[in-house]
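Report on the structure given below.
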Amino acid sequence: MSHIQIRTLQGKCRRIKTSRRPIVQVPRQPSYYPFFSVMRIDYRICDKWADSYVNLSRAGKTELRYDVGLGDVILRFDQIHLSAKGGWIPLIDFALALDDIANRPVKEDGPATLEFAELDAILCFDRKGSNLVISVSYIPGQIEVPFAVFREQVERFGASLSKELQERYPALARNQTFQELFAVGNG
């Protein structure tokens with residue numbers, strides 16, 4: 001049995017017993033405290049892909065999901081970072097996959113997984129009551145957060161990614177398929 005020590009936002013230390021993998025429970029905050037400052041699902045767009053052959057105003061669904069908007073995924077929970085960096089994670093595909101997980105029926109059994117083929121890594125999302133347990137293959141440990149907070153972060157992630165991509169690359173605003181992907185992803 002191992003122990004890990006975490007520091008809450010109020011500065012108090014908590015010691016948690018673990019069997020195999022440490023589980024860090026994000027402490028519930030009073031309603032006046034913005035929880036999303038503890039949990040962060042974000043991205044960093046890498047401009048390397050922008051020089052590719054893709055015509056952004058006419059790119060199809062597959063090109064948009066896998067060849068446009070590549071970058072890094074930032075997953076941060078308090079002081080724990082589960083980020084996937086490298087500059088070539090397909091961010092649009094990641095946003096749509098997160099949205100599928102956030103809108104998955106509660107009764108659907110089994111964890112959902114996302115595979116980063118580019119990094120040979122897997123993210124696992126498992127519902128436990130009203131919480132979501134997130135683990136990754138490249139860092140030991142698990143993090144448990146309220147599912148409602150995860151859903152809010154997914155919605156913010158998709159909206160922010162769509163907006164920034166359209167601002168950086170105006171041709172995407174004219175791409176009907178891009179608009180449809182994010183209408184489904186955020187609706």
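Please treat every number below as a calculation from the coordinates, not as lab data. These figures come from a predicted structure and were not determined experimentally. Every residue, glycine among them, receives a Cβ derived from its backbone with ideal geometry; neighbour counts consider all protein chains shown.
Summary of computed values
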read-out	value
Two-site label geometry, residue 130 and residue 76: point separation in nm, points 7 Å out along Cα→Cβ	2.8
Alpha-carbon Debye profile of segment 109-187, log10 I(q)/I(0) at 0.17 Å⁻¹	-0.85
Interchain or long-range residues, amide H under 5 Å from residue 122's placed H	116, 137, 138
Distance from segment 125-187 to segment 57-108 (C-alpha centre basis), Å	6
Low-density loop cleavage sites - GluC sites (Glu not before Pro) in segment 67-143, where at most 12 other Cβ are within 10 Å (DSSP)	108
Point-to-point label distance, residue 139-residue 44, nm (Cα→Cβ direction, 7 Å offset)	1.3
Value in Å of the Kirkwood radius, where segment 112-158 supplies the Cα pairs that are averaged	11.4
In sequence order, calculated HN-Hα J values of segment 121-131 (Karplus, 6.51, -1.76, 1.60; Hz; x Gly/Pro)	9, 10, 9, 10, 10, 10, 6, 10, x, 8, 10
